[in-house]
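I have placed the structure first, in the form of structure tokens, so that the comments after it can refer back to it.
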Ligand code: SF4
Ligand code: SF4
């Protein structure tokens, strides 16, 4: 009995440490809503509700013997569906993954991304010196804060995929041109920026998350600015909800929020028609986790000629692209288990909605959906565009 209590206490303590609402785990009704709504719940040996039942039955050790927990893409669907408001995604799921990491039960591809994050400050293993290479050729020049040594209104936290991924760089450059056209006084950290660490945290590497957050916090502290904007909803989530507990507090907005606030200034610049039927994919960490649903839609609706249609799953009920919580680094593992990709489900929904364009607002999504569109029947004509790209096109910049 003593052992049961020790195991329970230590695990509960870890959940509590991960989130201030962790104590709510005790309020679970075992209704099964969380497991039912989980996109990969049917493949998990212990989906969330079963996991809690196992914990209550003192069969915690058995949870560590299965690797199907790694099917969790931290999409927040279970957390949103829970009548007892148990913080399943940031609490239970992240804590279980932390235990799996400690037990050495971790897929190789995830381990490589975590090692890269530790060594290079980004999961792709790219050179930190090349973080600002995407800015070459942009006019007016993107200010590197270490170089210009002057205060700016906005510190743009660009993020890993937006900085390094060749496809996503196109959207990053588009956003730089949109900000320039609006006359926004912004600068970037470039080589001083580190991974925001949020996906590493949700994949169970809280220690690594804290190291990365502290490095970013130190860089923020060197410069004068009024607010941070992020390209990546995961970075937005980290800086808004997680960094303050580490003493790193700054006003932060996702770029769609920032631009939607400047609609009066933006609208007259949207001169060219983009005559297409578009649908918008709510990223989990913008929508479900942080309640930002309308600003991205308002931006799309401001584009002349664009017709916005909704997919079956939208807003709070949106479907994950499969990239969150380490999913970006577990594609091989998940394919082996599921033989299906969440991004393909989403592309099918976009086609069923009659959309010609699938609009996104997260750097994980352009490459994921473009890849999926190559393999889904009938998706050959579907174009995937970041909202920043669509705005830039309408502005002619
Ligand atoms: S949805 Fe909430 S209350 Fe229901 S089983 Fe899951 S954790 Fe428990
Ligand atoms: S966060 Fe998403 S993938 Fe993970 S257990 Fe919950 S519903 Fe399933």
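The values are calculated or read from the model by the stated rules, or taken from the named source; none is laboratory data. Quick caveat, the model's predicted, so the values are computed rather than measured. Positions of Cβ are backbone-derived with ideal geometry, glycine not excepted, and every protein chain shown enters the neighbour counts.
When you scan the range 369-383, how many residues do you find that are closer than 24 Å to residue 307 by Cβ and either surrounded by 20 or more Cβ atoms within 10 Å (Cβ to Cβ) or in contact (Cβ under 8 Å) with a residue 12 or more places away in the chain (or both)?
Of the residues in that region, 10 qualify.
Take the range 239-267 and flag every residue that is closer than 15 Å to residue 210 by Cα, touching a strand residue (DSSP E or B) at 6+ places or on another chain (Cβ under 9 Å) and in contact (Cβ under 8 Å) with a residue 40 or more places away in the chain. First the steps, then the outcome.
Of the range 239-267, the ones closer than 15 Å to residue 210 by Cα are 239-249.
If we keep only those that are touching a strand residue (DSSP E or B) at 6+ places or on another chain (Cβ under 9 Å) as well, we get 239-240, 243.
Listed by number, the residues that qualify are 239, 240.
Based on this model, can you work out whether residue 155 counts as outside the structural domain of residue 175 (by TED's automatic domain parsing) and either more than 16 Å from ligand 1 (Cβ to nearest atom) or in a helix (DSSP H, G or I) (or both)? Spell out the reasoning first.
On the way: outside the structural domain of residue 175 (by TED's automatic domain parsing): no; either more than 16 Å from ligand 1 (Cβ to nearest atom) or in a helix (DSSP H, G or I) (or both): yes.
No.
When you go through 124, 139, 118 one by one, which is the residue that is more than 30 Å from residue 30 (Cα to Cα), more than 23 Å from the chain's Cα centre (by Cα) and away from ligand 1 (no atom under 14 Å from the Cβ)?
After ruling out the rest, the residue left standing is 139.
Evaluate the following for residue 385: is it modelled with pLDDT of 95 or more and within 19 Å of the chain's Cα centre (by Cα)?
The answer is yes for residue 385.
Checking residue 225 against (1) farther than 18 Å from residue 249 by Cβ; (2) out of contact with any helix residue (DSSP H, G or I) (no Cβ under 7 Å at 6 or more places or on another chain); (3) in a loop (DSSP other than H, G, I, E, B), which test does it fail?
The failed condition is (1).
If I filter the range 206-214 for residues that are crowded, with 16+ Cβ neighbours inside 10 Å, in a helix (DSSP H, G or I) and touching a strand residue (DSSP E or B) at 6+ places or on another chain (Cβ under 6 Å), do I get at least one hit?
no
Going by the conditions given, is residue 50 assigned by TED's automatic domain parsing to the domain that holds residue 22, without any contact (Cβ under 8 Å) to a residue 24 or more places away in the chain and in contact with a helix residue (DSSP H, G or I) (Cβ under 8 Å, 6 or more places away or on another chain)?
When the stated conditions are applied, residue 50 passes them.
Hey, could you check the range 80-95 for residues that are free of Cβ contacts under 8 Å to residues at least 60 places away in the same chain and assigned to a helix (DSSP H, G or I) and say which is surrounded by the most Cβ atoms within 10 Å (Cβ to Cβ)?
Within the range 80-95, the match that is surrounded by the most Cβ atoms within 10 Å (Cβ to Cβ) is 88.
Go through the residues of the range 255-274 one by one and say whether even a single one is touching a helix residue (DSSP H, G or I) at 6+ places or on another chain (Cβ under 9 Å) and within 19 Å of residue 131 (Cβ to Cβ).
There is at least one residue in the range 255-274 that is touching a helix residue (DSSP H, G or I) at 6+ places or on another chain (Cβ under 9 Å) and within 19 Å of residue 131 (Cβ to Cβ).
From (1) more than 20 Å from residue 363 (Cα to Cα); (2) assigned by TED's automatic domain parsing to the domain that holds residue 158; (3) modelled with pLDDT of 95 or more, pick out the condition that doesn't hold for residue 228.
(1)
Filter the range 65-79 for residues that are within 17 Å of the chain's Cα centre (by Cα) and more than 10 Å from ligand 1 (Cβ to nearest atom) and give the result.
Within the range 65-79, 70, 71, 72, 73, 74, 75, 76, 77 meet the criteria.
Of all residues in the range 21-44 being assigned to a helix (DSSP H, G or I) and either exposed (fewer than 14 other Cβ atoms within 10 Å of the Cβ) or not assigned by TED's automatic domain parsing to the domain that holds residue 76 (or both), which is farthest from ligand 2 (Cβ to nearest atom)?
26
Restricting to the range 55-77, what's the tally of residues that are within 14 Å of ligand 2 (Cβ to nearest atom) and either at negative phi or touching a strand residue (DSSP E or B) at 6+ places or on another chain (Cβ under 9 Å) (or both)?
Here the count works out to 10.
Hey, can you tell me all the residues within the range 96-122 that are outside any helix (DSSP H, G or I), within 30 Å of residue 50 (Cβ to Cβ) and touching a residue at least 12 places away in the same chain (Cβ under 8 Å)?
Listed by number, the residues that qualify are 103, 105, 106, 107.
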